[in-house]
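The values are calculated or read from the model by the stated rules, or taken from the named source; none is laboratory data. Computed from a predicted model, the values in this text were never measured in an experiment. With ideal geometry, Cβ positions are generated from the backbone for all residues, glycine too; neighbour counts draw on all protein chains shown. Please note that ligands, DNA and RNA were not included when accessible areas were found on the heavy atoms of the full protein model with its side chains. Shrake-Rupley method; radii C 1.70, N 1.55, O 1.52, S 1.80 Å.
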Amino acid sequence: MLNIYKISQFVVFMVLLMSCAAANHVSERKNTKAVPSTGFEKLFLSKVNVVRSKARKCGDEYFPAAPALILNHILNKAAHKHSQDMSKHQFLEHTSSNGDTLVERMQDVNYLWSAVGENIAHNQNSIGQVIEDWLRSPGHCSNMMSADYTQTGVANVNKYWTQVYATPK
């Protein structure tokens, strides 16, 4: 009888352990879940990946060609939220109107990252124009070309542009 009790305890323990492992696996995977993207997001991504496909200098720093980024719906959400905030409050800053930094905004959308960066802009009329402006700025260009980033999210709300770059943990 005692052996059956110990076996039952072991089975319950293993089921709980497997459930926790499965929940942790789902949590980690949510950063890479593929969802349908809008035409705007796909076009933006394709133009950024063309830029990344060629080596270039950003200011005084040389960058080799970088692997293509993939769109991430969580990063799209974070980018949209920041563009919407900047548009509503008529400002252009990396810090949100409530004082949140990029890191805090990533926490708000539950994105677990190992590397994260952001480009913002205002008043450009097209994807091509905002990308060209970012390429002329060494810091923005470096974000676009950094092989440290594997995913991106993009948004444009009333000509307030945000592109978030990240790599999940």
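Test E132 against the criterion of being charged (D, E, K, R) and closer than 20 Å to A68 by Cβ, and give yes or no. Criteria met by E132. The set of residues from the stretch 49-66 being touching a strand residue (DSSP E or B) at 6+ places or on another chain (Cβ under 7 Å) and either assigned to a helix (DSSP H, G or I) or surrounded by 14 or more Cβ atoms within 10 Å (Cβ to Cβ) (or both) comprises R56, F63. For the stretch 73-99, the set of residues classified as of a type outside the set (A, V, I, L, M, F, W, C), touching a helix residue (DSSP H, G or I) at 6+ places or on another chain (Cβ under 7 Å) and open to solvent by less than 60 Å² (accessible area, probe 1.4 Å) consists of N76, H82, S96, listed by residue number. Condition (residue is modelled with pLDDT of 90 or more and open to solvent by less than 60 Å² (accessible area, probe 1.4 Å)) applied to the stretch 29-37: is it met by at least one residue? There is no residue in the stretch 29-37 that is modelled with pLDDT of 90 or more and open to solvent by less than 60 Å² (accessible area, probe 1.4 Å). Consider the stretch 70-103 and keep the residues that are more than 10 Å from the chain's Cα centre (by Cα) and aliphatic (A, V, I, L, M). The one that is nearest to A155 (Cα to Cα) is M86.
I need the full set of residues from the stretch 132-161 which are farther than 13 Å from C58 by Cα and open to solvent by less than 30 Å² (accessible area, probe 1.4 Å), in order please. Spell out the reasoning first.
Filtering the stretch 132-161 for residues farther than 13 Å from C58 by Cα gives 147-161.
Answer for the stretch 132-161, where residues must be farther than 13 Å from C58 by Cα and open to solvent by less than 30 Å² (accessible area, probe 1.4 Å): Y149, Q151, T152, G153, V154, A155, V157, Y160, W161.
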